[in-house]
């Protein structure tokens with residue numbers, strides 16, 4: 001074997017462990033889900049193997065699933081927009097601060113990831129619940145006579161999602177801002193721009209890839225979650241992932257749950273493909289380096 005042939009095989013040899021893990025943990029399970037989606041659940045509760053379109057027909061034609069999907073996209077979209085509005089200023093401060101130990105600020109930003117997502121979500125019950133800290137404070141101040149119902153509605157679901165997604169948005173925007181050459185802003189100011197004009201004409205446009213990456217990541221994570229609406233939402237605030245959980249875990253209807261999960265996967269995968277086509281996926285990868 002020539003040296004050239006060995007050199008051509010070396011990248012594939014190095015990639016073998018990763019490709020094996022992806023195949024075993026992602027590709028093969030996804031293939032099982034696709035196969036299950038065409039099976040049929042009988043009246044006895046057993047799955048009947050075969051090629052049936054009943055699950056797909058139900059998912060694609062029933063207005064109930066369409067309405068829940070629309071509600072999921074709306075909640076994820078609002079949460080992403082709020083994260084973008086709230087996340088830009090902290091990211092800008094961390095990127096441009098003159099504080100010597102800027103790494104400590106990033107460490108504080110990463111602290112929420114050290115706590116379980118479920119515990120962080122349930123903490124809002126102690127804050128916004130009928131006997132929570134906010135109601136107790138308002139009653140102590142005499143502002144209200146009876147506790148306010150601030151949980152188990154759509155705003156509380158959005159609040160929980162923003163709490164979960166905001167660090168992802170800040171990290172993506174920070175990476176984009178940190179990569180901007182500071183001399184560009186100085187050059188704009190030397191040409192007569194004010195600080196606001198330099199930000200609007202230089203910094204903001206150059207940071208848009210990071211903002212777009214953060215929006216994509218937050219939207220995908222928000223649309224695919226089921227924990228937050230399950231804990232903080234009411235009966236009418238279910239998201240599409242809750243339907244998948246209900247079908248598979250509660251009803252043990254694997255064929256229907258597989259079809260539902262594939263619909264959500266196709267929709268979110270299409271958004272990622274569109275982003276990759278026009279902006280590139282490398283911006284998201286930079287935020288985790």
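The values are calculated or read from the model by the stated rules, or taken from the named source; none is laboratory data. Remember, predicted model here, so these are calculated numbers, not experimental data. Note that we place each Cβ from the backbone using ideal geometry, even for glycine, and neighbour counts take in every protein chain shown.
So here's what we get for this one:
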| quantity | calculated |
| --- | --- |
| Index of the failed condition, residue 280 passing every other in (1) at negative phi; (2) at pLDDT below 85 | (1) |
| Every residue from segment 214-254 that is under 17 Å from the mean Cα position of the chain (by Cα) and at pLDDT below 90 | 238 |
| Residue list for segment 76-106, filter: within 22 Å of residue 238 (Cα to Cα) and surrounded by fewer than 17 Cβ atoms within 10 Å (Cβ to Cβ) | 77, 81 |
| Condition broken by residue 109, with the remaining ones in (1) closer than 25 Å to residue 226 by Cβ; (2) crowded, with 17+ Cβ neighbours inside 10 Å satisfied | (1) |
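Residues are listed down the side, and each one gets a yes or a no for (1) touching a residue at least 12 places away in the same chain (Cβ under 8 Å); (2) under 27 Å from the mean Cα position of the chain (by Cα); (3) more than 14 Å from residue 259 (Cβ to Cβ); (4) surrounded by 11 or more Cβ atoms within 10 Å (Cβ to Cβ):
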{"site": "26", "(1), (2), (3), (4)": "no, yes, yes, no"}
{"site": "40", "(1), (2), (3), (4)": "yes, no, no, yes"}
{"site": "45", "(1), (2), (3), (4)": "yes, no, yes, no"}
{"site": "48", "(1), (2), (3), (4)": "no, no, yes, yes"}
{"site": "51", "(1), (2), (3), (4)": "yes, no, no, no"}
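Here is a yes/no grid of residues against (1) part of a helix (DSSP H, G or I); (2) under 30 Å from the mean Cα position of the chain (by Cα):
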position	(1), (2)
110	yes, yes
125	yes, yes
158	yes, yes
176	yes, yes
185	yes, no
193	no, no
